[in-house]
Amino acid sequence: MESAETTRARFAMVIDLDRCNGCGACATACAVENNVPPARPSANERTGLTWQRVYRASNGRQFPENRSVYFPVSCQQCEHPPCVSVCPQNAVDVSPETGVVSQIPVRCLGCRYCMTACPYHARYFNWFDPKWPDGMETTLNPDVSVRMRGVVEKCNFCHSRWQAAKAKAAAAGKRDLDPADYVPACVEACPEKAIVFGNLDDPRSGVAKSAKSANAFRLLEKLGTEPKVFYRSDRAWVRRLADADVAVQEKEATRG
Amino acid sequence: MKFNVTRRDVLRFAGGAAIGTALSPMPWNLTDDLAIWTQNWSWIPKPPKGERATRTTVCALCPAGCPVEARCIGGLPVALRAANDGAALCPLGMTGHHLPHHPNRLTGAVGITRGERRPAAVTTDMVVRETARAIRSARAGAGSVVVLDTRPGRSGSWAWRRLLAGIDSAVVAAAPGLEGASLASLDTMLDARSQSFGLDLRNARTILSFGAPVAEGWGQLDLAAARESVRLVQVEPMRSRTAESADRWLPARPGTEAAVALAIANVLLAEGLVDTTALSGTDEFDSYLSVIAGFSPDRAAAIAGLAPDEIFATARELASSGPSIVVAGEQPGGGPLGRPAETAIFGLNLLLGNVDREGGIVGRTPLPAPGDDAPLTPLARLDEIPDHSVALVIIDASAGDGVYPWSLVARKLSPKGSLVVALSPFLSGSAARANFAVPTPPYLETIHELPTSFAEPVASIALSAPLLPTRSGAVDPVAFMRSIARAAGLDLAGEWATTESLIRERVARIHRAGSGTVTSPADGSATLVAELSTSDELWDALLAGGRWSAAPSNTMPPRTMRITGGLGTALGELPTRATATPRPTGTLTLVPRATRDTSASAAVSPVLTKLYQESGLRGSTGTAVLNPRTAASLGFAAGRNVRLLTAAGAMRVALMLDEGVMPGVVEIVVAPERSALGEKTAPGARTVLDLLTPGNEQTWSAVDAQLLEG
């Protein structure tokens, strides 16, 4: 792989919750891009692997005034990630080049402290050996290695796509990546164009502008983790959900 | 010099060595190597290596036919994405390259016996012989022959009609509940002649949709892109994705859609918002007026559980914000609304003058047939075929499948003996209910044809080019037809021997006609067919992902409009039926709920467990969802396993509560079955659809049900 000294960036995304309709294209694209295996028959919502998971929350009102919102939740790429300090293996790394929080599976010993520390439930443990139906391994993405059983994994803003964009920029003798060359799979797959991705440090980028808009917010901001995944909605009740645990709220509302 | 080695020296050496080793890179390298080693067990799959390339095709997993760009490694597709800039694929389309490796893919013909966990391997020749025998019996009077087509309009569909033309009792019918089937109601309402009807949704400013999943790609409308220019009003009992996206949602009670449509017509006429010159003066229109007189907004609102103001506002918006279009859609998983309801709904278009105009319902000439003008077996609707009269059903699910209760087919079978043969790439969906299943090549392994989708305003065709070689054992459907013709002594003239050669015939005819354009998926540029010197050039352009579209017709024939579709005053009887019959206490309305994308395929990628099993986004099949107030009145709590009882039987279901579900309604999730997701299960296992007994109008969108303990 060619390497080049690229300009430092802080990659971030803004998800427009008023556009998201919960189709699940982002979650599917993520699994395909990152070689996340299909579930074993016994797997469930607790033991499954979903780097990008779409939760549904509601305004709590009665039918027919009841309205719902879909929250695509992946690793929030915190500026102050609680998962880093608890890892005894230094298996969680914040890239100074991109600001992306990476999980290094070869270092991970599977203690799952990071899963406990993550307030967003965005980390997943590989309970089983990754297994695809016979022949389907020929459809795996060659740019992403398959993780083994016993390690934690999570979203890394499609690190392989960043590597490819970096190589392309290096080949062209550039220091800056072309924003069109580095687009995570979920952003590319969204049919509603609900996800904006880019460099937060670039004030001209769409993501920097959207993140500063009046109706932008981050999940559980009170914890001080400073996520780099922003959400936006024109609906006040949706913004109020920012301080709720959407995963727990969904579970309690539907399953008791 | 004396050299004494003491025990202390040995210990010092060992200690030093241990400290030195610990401080060297060796243990850390060893740890690292061990970690890497444990990642490379032989059973951990290895991504493929090879030359990278990009190829273009068209998704054939649903009739929409989205252009697809495939990233290939060593010639094998590893990622699919939309070929058009700014477009996106649905989860099914994105994972289409997994389907040739689906665990329930058929590798050879099988015989299926009810109750047996595993199907028995048979030869294709044996299936051909049995099919030919059934055809001979049918000709001798044992019953009729029905081909159930899950993708009507293909060249293969034409070939079935050609094959069975010599059998008096044979018909070709579309599988129930297919998208766009509701438009068949227009054939009786408008003078179709040699045309069919499409919907010009892209040029409409207001869309009133009765249950059509418009926000999920129904009608090939990119609602997200058209959001600024289109207003959407959705009439639907469920809080679907489309209902959530709509500018106005009218949550009418299940089965009361026609009442709402007739009440809107009542307002349009009472307030003089429409010009009825073209309709008035006929018996049909007089009947219509007498029907809608019984559906005042107040009465309809009471039937449907809506506020009368919503009906007034919708009617006024339709009249003032034109061009407007009113569509009746098939609920994914829930099937059609039924002909009377569809007639009442489409009748609004006739009132509004929405026929043969931009942004409305438009007539279109059909695609050229692939063969000569030889006689063809008639087309029929499944509900027109008498019950217990069919000796042979051939289900052509080679290009897709539908979601429908099997009882719709089973009730047609002759009790004296019948045979069901399915052509499908997978042992799931319709094929799992057949007596014999014959494997056909799946998407990406053969050419699939994407003829005019139901909503398109003009005829069109696209071809899905294969990216993989056909696996041995797969049988070409047209070659199968030829074998049947030989074995049963049927005349099947024509040079074509395979599906590809048959589609080539159709493309050659399009080229000979010399009209229309081919649009490139890459840049949207259009080439006139008249500029292509040979049909091979047209063929190549289509195989490269292009779509041929007929030239729009500027002159439409004057039409005779039958606003009640020949139903007369019977049009008004349906909406009251749902509420007039007394129901036992505790009876709920069971409404099936599915998502549009996965409803068109018998199998889906196992990776879609992310949506159906590993997250709560779509819910697994068989989950019952109830309003918390309804659950409280019945004494049920969330998470309970309960028995769901309908006239067709009972099934244990897990209960979920959702304030977004209409009180008195139980939604049942119709997700891909476990076999469709790749799990090995006994073929033909009972599914939630078996609880849905279709009513007289062949609808199963609302069924009476009860929830019981245990």
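The values are calculated or read from the model by the stated rules, or taken from the named source; none is laboratory data. All values derive from a computational prediction rather than experimental measurement. In this analysis, Cβ positions are derived from the backbone assuming ideal geometry, glycine residues included, and neighbour counts consider all displayed protein chains.
Here are the numbers:
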item	result
Extreme residue, nearest to the other protein chains (Cβ to nearest Cβ), among residues of the stretch B:109-125 that are without any contact (Cβ under 8 Å) to a residue 60 or more places away in the chain and assigned to a strand (DSSP E or B)	B:A121
Residue selected from the stretch B:444-466 under the condition of a type in the set (A, V, I, L, M, F, W, C) and in contact with a Lys or Arg (Cβ under 6 Å, 6 or more places away or on another chain), by the criterion modelled with the highest pLDDT	B:A462
Members of the stretch A:48-87 found to be of a type in the set (A, V, I, L, M) and more than 14 Å from chain B (Cβ to nearest Cβ), listed by number	A:V84, A:V86
Criterion violated by A:R19 - all others in (1) part of a loop (DSSP other than H, G, I, E, B); (2) modelled with pLDDT of 95 or more; (3) within 12 Å of chain B (Cβ to nearest Cβ) satisfied	(2)
Test: B:R299 is assigned by TED's automatic domain parsing to the domain that holds B:R316, of a type outside the set (F, W, Y) and part of a loop (DSSP other than H, G, I, E, B)	no
One residue from B:A344, B:A397, B:A374 being more than 30 Å from B:L273 (Cα to Cα) and crowded, with 24+ Cβ neighbours inside 10 Å	B:A397
Subset tally (residues that are among the hydrophobic types (A, V, I, L, M, F, W, C) and in a loop (DSSP other than H, G, I, E, B)) for the stretch A:111-125	3
Residue, farthest from B:A226 (Cα to Cα), within the stretch A:158-203, restricted to residues that are surrounded by fewer than 21 Cβ atoms within 10 Å (Cβ to Cβ) and polar (S, T, N, Q)	A:Q163
So B:E445, is it in the same structural domain as B:R154 (by TED's automatic domain parsing), within 16 Å of the chain's Cα centre (by Cα) and not polar (S, T, N, Q)	no
Meets criteria (in contact with a Lys or Arg (Cβ under 8 Å, 6 or more places away or on another chain), within 8 Å of another protein chain (Cβ to nearest Cβ) and among the hydrophobic types (A, V, I, L, M, F, W, C)) for B:A79	yes
Residue ID - surrounded by the most Cβ atoms within 10 Å (Cβ to Cβ), chosen from residues in the stretch B:245-295 that are within 14 Å of another protein chain (Cβ to nearest Cβ) and without any contact (Cβ under 8 Å) to a residue 24 or more places away in the chain	B:W249
Hey, A:A43 surrounded by fewer than 24 Cβ atoms within 10 Å (Cβ to Cβ), facing chain B (nearest Cβ under 7 Å) and either of a type in the set (F, W, Y) or touching a residue at least 60 places away in the same chain (Cβ under 8 Å) (or both) or not	yes
Residue in the stretch A:95-105 that is assigned to a helix (DSSP H, G or I), away from every other protein chain (no Cβ under 14 Å), crowded, with 21+ Cβ neighbours inside 10 Å and touching a residue at least 40 places away in the same chain (Cβ under 8 Å) present	no
First in the stretch B:94-108 and within 12 Å of B:P442 (Cβ to Cβ) and more than 7 Å from every other protein chain (Cβ to nearest Cβ), second anywhere and hydroxyl-bearing (S, T, Y) and part of a strand (DSSP E or B), Cβ under 9 Å, 6 or more apart	B:L106/B:S424
The stretch B:126-152 residues that are on the phi > 0 side of the Ramachandran plot and not assigned by TED's automatic domain parsing to the domain that holds B:S418, paired with ones that are assigned to a helix (DSSP H, G or I) and buried (at least 21 other Cβ atoms within 10 Å of the Cβ) (beta carbon under 9 Å, 6 or more apart)	none
Looking only at the stretch A:174-210, and only at residues there that are hydrophobic (A, V, I, L, M, F, W, C) and either modelled with pLDDT under 95 or in a loop (DSSP other than H, G, I, E, B) (or both), the one that is nearest to B:A88 (Cα to Cα)	A:C190
Candidate set from the stretch A:137-167 (those that are away from every other protein chain (no Cβ under 11 Å) and over 18 Å from the mean Cα position of the chain (by Cα)); member that is farthest from B:I73 (Cα to Cα)	A:K166
Matching entry among B:D401, B:D356, B:D373, B:D383 (being in contact with a helix residue (DSSP H, G or I) (Cβ under 7 Å, 6 or more places away or on another chain) and acidic (D, E))	B:D401
Selected residue (criterion: nearest to the other protein chains (Cβ to nearest Cβ)) from residues of the stretch B:219-242 that are of a type in the set (D, E, K, R) and not in a strand (DSSP E or B)	B:R241
